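Peer 1: Quick one: the structure is below, questions incoming.
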Amino acid sequence: MDNIQKLKETILKEYPRLTEVDPFCFECGPHLECFNACCADVNIFLTPYDVLRMRRALGLGSAEFLARHTIIPFDKNQKLPTPLLLMNDSEKKECPFVNAKTGCTIYYDRPWPCRMYPLGMASPAEYAAPEMKPFYYILREDDCGGLARKRPWTVREWMEDQGVMAYQEFGELFKSITLNKALSEGWTTNEKQISLYWVSLYDLDVFRCFIFESSFLRRFIIDSKTIQSLKSDDEALLRFGFNYVKMVLFGERTIPISREAEAKVRAAHTQKTKTNG
Ligand code: SF4
Ligand code: SF4
């Protein structure tokens, strides 16, 4: 059993389950001795919205950010790749965005796990436990002195204070792909589907080129207002990417197909039937 799976089992069996109204105490900041201890040698999985916010804050294109700041860990249980934030290649393995005096240099756009900490969130599908209700839990890291402080919060107050709410919509969209029921029912991916998933959710600059510089707009019925937003609005492009991925991976009718494309699909199908006959 790998470490992530072991941790999930421990969380399910042993961690106290919190709701949004439950209290806990925590304090963080440069006045604490442990300041920045949490920003080294840590596994931070990035969602598509994390990547969008971080690379925009850094002024990098999507491909450049992914190449410079992420790796894709091998996980035989994972059917879709999720990038990990790459730590520095030094003894301490610090996060490339931490500054010894000022802390996180992309604080406003830091990823979801950095915002949530010391809280974690468990979803039923992720834990393969459909009867379970989603819950929050506290992650206790040995180096972190924040949990010994007396500043009280409720789970919801903490999430609001940390700007987590803006991430909820995209988090739910991401889970609708990665935790899709089809995946647990034996559905498998081919290389082309994985590549489209990656481009449509993570490599948004390439996705935008794909939409505007291929036959894409002839193959799908997309209204002019949406077309305009896809040109300049990254969040709109990402929402559209989620719809496209649901169609590509799970065959959901999320984007209407043009008559021209439908005719081509029918012709190809007829040709295939004749050849096979
Ligand atoms: S992104 Fe910011 S908060 Fe997260 S580990 Fe790096 S420096 Fe720390
Ligand atoms: S209190 Fe915890 S989260 Fe805050 S700086 Fe210290 S180690 Fe990091």
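Peer 1: Angle, helix 165-178 long axis vs. longest principal axis of the chain, Cα atoms, 0 to 90°, nearest 10?
Peer 2: Tilt relative to the chain: about 50 degrees.
Peer 1: Using every pair of alpha-carbon atoms in the range 150-237, split the distances into 10 Å bins beginning at 0 and state the percent of pairs per bin, rounded to integers.
Peer 2: Whole-percent P(r) values from 0 Å outward: 13, 32, 30, 17, 6, 1.
Peer 1: Over the alpha-carbon set of the range 208-262, work out the extent along each principal axis and list the three values in angstrom, largest first.
Peer 2: Computed over the Cα atoms, the extents are 28, 22, 18 Å.
Peer 1: Let me ask something additional. Across the range 106-111, in residue order, what do the Karplus-derived ³J(HN,Hα) couplings come to in whole Hz, using 6.51 cos²θ - 1.76 cosθ + 1.60 with θ = phi - 60° and x for Gly and Pro?
Peer 2: Calculated HN-Hα couplings, in order: 10, 3, 5, 10, 4, x Hz.
Peer 1: Another question, if that's okay. Specify the angular offset, from 0 to 90 degrees and rounded to the nearest 10, of the alpha carbon long axis of helix 3-14 from the longest principal axis of the alpha carbons in the chain.
Peer 2: For 3-14 against the chain, the angle is about 60 degrees.
Peer 1: How much space per residue, in cubic angstrom, does the convex hull of the C-alpha atoms of the range 52-169 take up? Please list the in-between numbers first.
Peer 2: Values: hull volume 19.9 nm³, N = 118.
So the per-residue hull volume is 169 Å³.
Peer 1: Still on this structure, I have one more. What is the magnitude of the charge dipole of the range 1-82 about its Cα centre, with +1 placed on the Cβ of each Lys and Arg, -1 on the Cβ of each Asp and Glu, and no other charges, expressed in debye to the nearest 20?
Peer 2: Numbers: 10 positive and 11 negative charges, 90 e Å.
The calculated dipole for the range 1-82 is roughly 440 debye.
Peer 1: Here's another thing I want to ask about it. Using each residue's phi in the range 90-105, evaluate 6.51 cos²θ - 1.76 cosθ + 1.60 at θ = phi - 60° and report the 3J(HN,Hα) Karplus result to the nearest Hz, with x for Gly and Pro.
Peer 2: Residue by residue, the range 90-105 yields 10, 4, 7, 6, 6, 5, x, 9, 8, 10, 4, 8, 9, x, 6, 7 Hz.
Peer 1: Here's a follow-up. Hey, could you pull the Cα Rg and Dmax for the range 1-72, both in Å?
Peer 2: Gyration radius and largest Cα-Cα distance of the range 1-72: 16.9, 43 Å.
Peer 1: Give me the percent of the accessible area of the chain that comes from carbon and sulfur atoms, probe 1.4 Å, all protein chains in place.
Peer 2: 54 percent
Peer 1: Right, another one. For residue 145, enumerate residues with amide H under 5 Å from its amide H, sequence gap 5+ or separate chain, H modeled in the peptide plane.
Peer 2: Hits under the 5 Å cutoff: 34.
Peer 1: Compute the separation of the alpha-carbon centres of the range 19-98 and the range 178-196 and state it in Å as a whole number.
Peer 2: Distance between centres, Cα-based: 25 Å.
Peer 1: Here's a follow-up. Enumerate the amide H contacts of residue 70 below 5 Å, restricted to partners 5 or more residues apart or on another chain; note that Pro and chain-start residues carry no placed amide H.
Peer 2: 86
Peer 1: Moving on to the next point. Going through the range 9-39, which GluC sites (Glu not before Pro) have at most 13 other Cβ atoms within 10 Å and a DSSP loop state?
Peer 2: Listed in order of number, the matching sites are 20, 33.
Peer 1: Which whole-Hz ³J(HN,Hα) couplings does the range 199-210 yield from phi under the Karplus relation 6.51 cos²θ - 1.76 cosθ + 1.60, θ = phi - 60°, glycine and proline marked x?
Peer 2: 5, 6, 10, 10, 9, 5, 5, 5, 4, 4, 4, 4
Peer 1: When 1/r is averaged over all different Cα pairs and the result inverted, which Kirkwood radius in Å belongs to the chain?
Peer 2: Details: mean 1/r = 0.0474 Å⁻¹.
Roughly 21.1 Å, rounded to one decimal.
Peer 1: Give the calculated FRET efficiency between residue 99 and residue 176 to the nearest 0.05, with a Förster radius of 51 Å applied to their Cβ-Cβ distance.
Peer 2: On the way: r = 36 Å, r/R0 = 0.70.
Calculated transfer efficiency: 0.90.
Peer 1: For residue 135, what residues show an amide H to amide H distance below 5 Å, using hydrogens built from the backbone and excluding near sequence neighbours?
Peer 2: Under 5 Å from the amide H of residue 135: 122.
Peer 1: Report the label-to-label distance for residue 161 and residue 9 in nanometres (one decimal), using points 7 Å from each Cα along the Cα→Cβ vector.
Peer 2: 3.6 nm
Peer 1: At R0 = 45 Å, how high is the FRET efficiency between residue 191 and residue 150 if r is their beta carbon distance? Nearest 0.05 is fine.
Peer 2: Efficiency computed from Cβ-Cβ geometry: 0.25.
Peer 1: Are there GluC sites (Glu not before Pro) in the range 148-217 that DSSP puts in a loop and that have at most 15 other Cβ atoms within 10 Å, and which ones?
Peer 2: Of the GluC sites (Glu not before Pro), the ones in loops of the range 148-217 whose Cβ has at most 15 other Cβ atoms within 10 Å are 185.
Peer 1: Greater than 21 Å separation of Cα atoms is the criterion. Which listed pairs, 175/246; 8/175; 79/192; 13/175, meet it?
Peer 2: On the way: 175/246 11 Å; 8/175 17 Å; 79/192 13 Å; 13/175 23 Å.
Beyond 21 Å: 13/175.
The values are calculated or read from the model by the stated rules, or taken from the named source; none is laboratory data. None of these values were measured; they are calculated from a predicted model. In this analysis, Cβ positions are derived from the backbone assuming ideal geometry, glycine residues included, and neighbour counts consider all displayed protein chains. In case anyone asks, the SASA skips ligands and DNA or RNA and just uses the protein heavy atoms, side chains included. Shrake-Rupley method; radii C 1.70, N 1.55, O 1.52, S 1.80 Å.
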